[in-house]
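So the structure is just underneath, and the comments pick up after that.
The values are calculated or read from the model by the stated rules, or taken from the named source; none is laboratory data. Computed from a predicted model, the values in this text were never measured in an experiment. Positions of Cβ are backbone-derived with ideal geometry, glycine not excepted, and every protein chain shown enters the neighbour counts. The area values use the complete protein model at the heavy-atom level, side chains included, leaving out ligands, DNA and RNA. Shrake-Rupley method; radii C 1.70, N 1.55, O 1.52, S 1.80 Å.
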Amino acid sequence: MINYEALFKISYGLYIVSSGSKTYGNGFISNTVFQVTSQPPRFAACCSKENHTAEVISSTGYFSVSVLHSEADAGIIGRFGYKSGKDLNKMEGMELKFGESGVPIVLNDAIAFLECKVVETYDVGTHLMFIGELLQADVLDDSKEALTYLYYRQVKKGVAPKNAPTYVDKTKLQKKSTDQEFNRYECAACGYIYDEEQEGKKFDELPDDWVCPVCGSEKDDFFKL
Ligand code: FE
């Protein structure tokens, strides 16, 4: 048997992985960036084949990683994690710097960054795994903690989008009994669930300018479960 809850015990960080050039760039939220060798320093980053960034990394051969801090804005996770670069220029209005290769590096809510040159690409099924050799890395803010996937899930109540390698279908999780008096509302953009019982407040009583704490979507984007 597979208890999918066990998969949430694996620890990860949360990063913006970007690629492109000075004139065009795209990026996505990844929780699967990790160092795979130290001599030379190489990093793996997994990207869904359906993700526009996969095409951009494949064509340019470079990617950057921005390490987000634990209080990173929900809007930035929404922008990079739940929207497609096919519909929106995600880099527009972002605070950017460009790497040695010209790859864009997102500085908003970042405490460190890496720039990598792709040396191998593995087809792992639904995703491509890019192995990148480190070109440069630096710390941007030493005063904040890095955002971990566990913190995002437990404190920020975030969920993995469908394209994430660690996505778990909710129907596979054991259902907890629910009190009929309280309702639950789901964010159509990111899947975050507002649980009235847990929050101690009815969804309807939330102010009109309330937004999804995970992706920044408006109240109207929620539907009742
Ligand atoms: Fe959301």
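Hydrodynamic estimate: the Kirkwood radius of the stretch 52-172 over Cα pairs, inserted into Stokes-Einstein at 10 °C and 1.306 mPa s, corresponds to D of 101 µm²/s. Here the extension length gained between Asp208 and Leu107 equals 33.3 nm, from 0.36 nm per residue of separation less the Cα-Cα distance. The trypsin sites (Lys or Arg not before Pro) found in the stretch 53-89 that occupy coil by DSSP, while having at most 14 further C-beta atoms within 10 Å, are Lys86. Figure note: Glu133, Glu186, Glu55 ranked by solvent-accessible area, largest first, 1.4 Å probe, ligands and nucleic acids not counted: Glu55, Glu133, Glu186.
Within the assembled protein chains, the solvent-accessible surface assigned to Phe43 is about 20 Å², based on a 1.4 Å probe.
If the viscosity is 1.306 mPa s and the temperature 10 °C, what Stokes-Einstein diffusion coefficient in µm²/s follows for the chain when Rh is the Kirkwood radius over Cα pairs?
Using the Kirkwood radius from Cα pairs, D works out to 86 µm²/s.
Beyond 18 Å, what share of the Cα-Cα pairs of the stretch 174-224 is found? Please give it as a whole percent. The share of Cα pairs beyond 18 Å in the stretch 174-224 comes to 26 percent. The accessible-area ordering, largest first, of the residues Thr166, Thr37, Thr23 stands as Thr23, Thr37, Thr166, per a 1.4 angstrom probe. Expressed as a whole percent, the accessible area of the stretch 4-154 that falls on carbon and sulfur atoms is 49 (1.4 Å probe).
Hey, if we sort Asp109, Asp208 by accessible area with the 1.4 Å probe, largest down, what's the order? Let's see the in-between values first.
Working: Asp109 45, Asp208 140 Å².
Output order, biggest surface exposure first: Asp208, Asp109.
Only protein heavy atoms count here; on that basis, with a 1.4 Å probe, Tyr4 has an accessible area of about 60 Å². Given a Förster radius of 22 Å and the C-beta distance between Val168 and Val36 as r, what FRET efficiency does 1/(1 + (r/R0)^6) yield to the nearest 0.05? Using R0 = 22 Å, I get an efficiency of 0.35.
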